[in-house]
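The values are calculated or read from the model by the stated rules, or taken from the named source; none is laboratory data. Since this is a predicted model, take the numbers as computed values, not measurements. Glycine gets a Cβ as well: all are built from the backbone with ideal geometry, and neighbour counts include every protein chain shown. Areas reflect the complete protein model, heavy atoms only, side chains present, ligands, DNA and RNA absent. Shrake-Rupley method; radii C 1.70, N 1.55, O 1.52, S 1.80 Å.
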Amino acid sequence: MSLAADAFVSQIAAAEPWPENATLYQPLKEDQILLSDCASSLAVQAYLRMCGLPVQVVCRANAEYMSPSGKIPFIHVGNQVVSELGPIVQFTKAKGHSLSDGLDDVQRAELKAYMELVNNMLLTAELYVQWCDDATAAEISRPRYSSPYSWPLSNILSYQRQWEVRRKMNAIGWGAKNLEQVYEDVSQCCQALSQRLGTQPFFFNKQPTELDALVFGHLFTILTTRLTSTELAERIKSYSNLLSFCRRIEQTYFEDKSS
Amino acid sequence: MGTVHAKSLDPLPMHGRDLGINNDDLMEPPEHEQESKQEILENKDVVVQHVNIQGLGRTKEDLLGYEISDVFLARNLIDVMKKAHLARQRLLRLGIFKDVEVLIDTSEGTDALPNGLDVTFEVTEIKRLTGSYNTMVGNNEGSMVLGLKLPNMFGRAEKLTFQFSYGTKETSYGLSFFKPQPGYFERKYGHNLTLNMYKVTGQFPWSSLKETDRGVSAELSFPFGMTNHTLKWEGVWRELGCLARSASFAVREESGHSLKSAISHTMSVDTRNSAIFPSRGALLRINQELAGYTGGDASFLKEDFELQLNRRLFWDSVLSLSLWGGMLYPIGSETSCIADRFYLGGPTSVRGFGMYSIGPQSEGDYLGGEAYWAGGLHLYTPLPFRPGKGGFGDLFRTHFFLNAGNLCNLNYGDGPQAHLQKLAECIRWSYGVGIVLRLGNIARLELNYCVPMGVQSGDRICDGVQFGAGIRFL
């Protein structure tokens, strides 16, 4: 589709209100989904809940291939399909729902910088632990990733994915790192986030933004997911304000709705 | 008698040839006829004592024995020439010799009979490895195709072919190994084994679907009475994806990887006199495929048949009736995959409708159906006023056609009565007239004027002129 047509479609989309039957697609929760995908999916769910937009979560074994960008998660709203947090934020903004409208230019720049930090550090670290740490890859990632497929497709796909991620790690210079260095990077990222948060309820004062959703998605998932080692979660647990931040968002946006 | 080159029968005198054709009657030659033949051709009763093959390199001699053994049965010179000529053609058909020359000479040596002949085949083998390359442009894509062929791999006409296509968008390859049963080189009559390994990519715009298949298959074909059978196992890794971002969600839901392992059996009887423009005879082909019992994600039973009857009428016109049908029965809780379902419509099936554009669809993307039938009644006639008769004009036919068909999904909980009712409602049909061009003996082109009828909402029609090419026709 051409750019003009794309713009036209998104304008039409803007005119339509948020439908009741909006759906979020992610891999199978019990057997398949991996830490990084789970974190991204949770971030989008948190964001939509903060916006007050209802969405139904559907698990599909082929969610990754259904997604137009090949990334988890994606939402199906009306006849539009949008994947990943960034484009989804843009999409909801076009429909008149935004959490960052009240921010000034400096804050908006800061918001962008911190979101990049989280994506570059936490998400990359999650991918590294999943696929580059041999023990985790063999015991958790590969079996889970390939669980919906039968042999020999299961082996082909999981090794293909592992090879892909490792190639990406080499490209961004993470290939030479060891696990300890990655944990150290996570610590530094958490320290930066912890300092920015301080004693505020959210990163930008009293109102949550997409940054809060993103940080919550990643930290909460790391804290609650069992890996071969608890080191990653331990690093986060040393920042008490981040822990209480996670607990606060969980209570505000996830426990109220479900009860 | 000197040396006779029997490379072809053409230089022989006309009457000699006529006698040769009658030689079935001469198998036990009555003295009478023999004498008259001696007069005409200065011939006599002969015995083929030796058949030699010269120029063999890696080809095994036992393979050729089957092809040339008939030569020993010849009883006179014409017969020897005829049989040697046939043997030469059979040798060439193996596809392992560049050239074959036949040399017929009187026998020499200690055991030579006075009327003994020696036949010598001088063969030139094809190179161990042949290659080709070409470039193709089309469908918004350019590609380079590289082909390699080992025509005589182990010396018994085994063929190994490899084709690699490197395109601007897609690469594909195919590796195929063919092992004929010695003496039955033609696929139709022998127990032939074919092994394949391939990767192909297909784009199906009517479904907004892209499919990449990587697979291996083993195929055994053999005759049984009048019928030919093919047993096949195929293991395919299929990757489905959307062709465009605008693809309907129903197609998007089918994206991803799956593994199909299927055994299939095809039975066919073909008594037609030509595959493209038959004037008499019938074709029946029944195909069944069982997927899932040998592993893989897809499990279903698929039945499919094709029937064609031809009858010659007055003035070289031919009436042809065809009927197709098929059913896909998913086994277990899984629903059928979009790649396994049937599709109908287009210039080579139910004419007057868009390519595969009949039946269930979602946002303009056709999803296929689990059951279908289609029938066609054609009247083929030569071109009006018969221009180019006996030559170029015979590549063409005009035809009047009446096509009908239906494609739908069945609710397998209901009985057969309900299924038939479902298949009988909303029948699409069309009629029209057109010109058919035969391309070789495998494909044909059609230019038709069609009038589609019974159009259902969602069907894409082609009202008026429709052009089509293909190898399978309703």
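Numbers at a glance
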| quantity | calculated |
| --- | --- |
| The protein assembly as shown - charge dipole about Cα centre, Lys and Arg +1 at Cβ, Asp and Glu -1, debye rounded to 20 | 1040 debye |
| Normalised contact order of chain B, rounded percent, pairs of Cα under 8 Å and 6 or more residues apart | 8 percent |
| Nearest-ten-degree value, helix B:77-93 long axis tilted from longest Cα axis of chain B | 30 degrees |
| Check: the range B:44-108 dipole with +1 on Lys, Arg Cβ and -1 on Asp, Glu Cβ, in debye | 260 debye |
| Alpha carbon centroid spacing (whole Å) that separates the range B:407-454 from the range A:88-161 | 49 Å |
| Complex-versus-alone comparison for the range B:225-250, residues with a loss of 50 Å² or more in accessible area, probe 1.4 Å | B:Trp237, B:Arg245, B:Phe249 |
| Area buried, chain B against chain A - accessible surface, total, 1.4 angstrom probe, square angstrom | 1400 Å² |
| Inter-label distance for B:Ala418 and A:Ser98, nm, one decimal - labels placed 7 Å from Cα along Cα-to-Cβ | 5.4 nm |
| Under the Karplus curve 6.51 cos²θ - 1.76 cosθ + 1.60, θ = phi - 60°, whole-Hz ³J(HN,Hα) for the range A:67-75, x wherever Gly or Pro sits | 5, x, 9, x, 10, 9, x, 9, 10 |
| Measure of compaction for chain A (Cα Rg per 2.2 N^0.38 Å) | 1.02 |
| Positive-end residue of B:Thr124, B:Ser172, B:Pro151, charge dipole of the protein assembly as shown with Cβ unit charges | B:Ser172 |
| Residues in the range A:106-152 that, when all protein chains are in place, have 40 Å² or more less accessible area than the chain alone would give (probe 1.4 Å) | A:Ser150 |
| Efficiency of FRET between A:Arg167 and B:Met453 - r from beta-carbon atoms, R0 51 angstrom, step 0.05 | 0.35 |
| Cleavage-rule hits, trypsin sites (Lys or Arg not before Pro), the range B:48-150, DSSP coil, Cβ neighbours within 10 Å at most 12 | B:Arg58, B:Lys127, B:Arg128 |
| Backbone HN-Hα couplings from phi across the range A:154-165 [Karplus 6.51/-1.76/1.60, Hz, Gly and Pro as x] | 4, 5, 4, 5, 6, 5, 4, 5, 4, 5, 4, 5 |
| Portion, in percent, of the accessible area of the protein assembly as shown that falls on carbon or sulfur, probe 1.4 Å | 55 percent |
| Surface accessible to a 1.4 Å probe, A:Thr230 within the full protein complex, Å² | 90 Å² |
| 10 Å Cβ shell holding at most 13 others, DSSP loop, chymotrypsin sites (Phe, Trp or Tyr not before Pro): longest site-free stretch of chain B | B:155-313 |
| Span from the the range A:218-232 Cα centroid across to the the range B:49-91 one, whole angstrom | 79 Å |
| Separation in nanometres of the label points that stand 7 Å from Cα toward Cβ, at B:Leu319 and A:Arg226 | 7.6 nm |
| Where labels lie 7 Å past Cα in the beta-carbon direction, separation of B:Ser132 and B:Ser333 in nm | 5.1 nm |
| Greater than 27 Å apart at Cα, pairs in A:Lys71/B:Lys210; A:Lys93/A:Lys237; B:Lys179/B:Lys260 | A:Lys93/A:Lys237 |
| Accessible area in square angstrom per residue, the range B:416-474, 1.4 angstrom probe | 58 Å² |
| A:Cys51 accessible area, assembled protein chains, probe 1.4 Å, Å² | 30 Å² |
| Using a Förster distance of 45 Å, the FRET efficiency for A:Asn21-A:Ser238 (Cβ separation, nearest 0.05) | 0.60 |
| Dipole magnitude of the range B:197-336 about its Cα centre (Cβ charges: Lys, Arg +1; Asp, Glu -1), debye to nearest 20 | 380 debye |
| Sites matching trypsin sites (Lys or Arg not before Pro) across the range A:128-223 that sit in DSSP coil, with at most 14 neighbouring C-beta atoms within 10 Å | A:Lys206 |
| Accessible area in the full protein assembly, largest first, 1.4 Å probe, for B:Asp340, B:Asp111, A:Asp37 | B:Asp111, A:Asp37, B:Asp340 |
| Helix axis angle, B:31-41 relative to chain B longest principal axis, alpha carbon, degrees | 90 degrees |
| The range B:260-339-the range B:139-178 distance, computed between alpha-carbon centres (Å) | 27 Å |
| Which of B:Gly359, B:Val451, B:Gly369, positive extreme of dipole for the range B:323-474 (C-beta unit charges) | B:Val451 |
| DSSP loop GluC sites (Glu not before Pro) with at most 10 other Cβ within 10 Å: longest gap in chain A | A:31-259 |
| Dipole of chain A [Lys/Arg +1, Asp/Glu -1 at C-beta], most positive-end residue of A:Val58, A:Leu211, A:Tyr239 | A:Val58 |
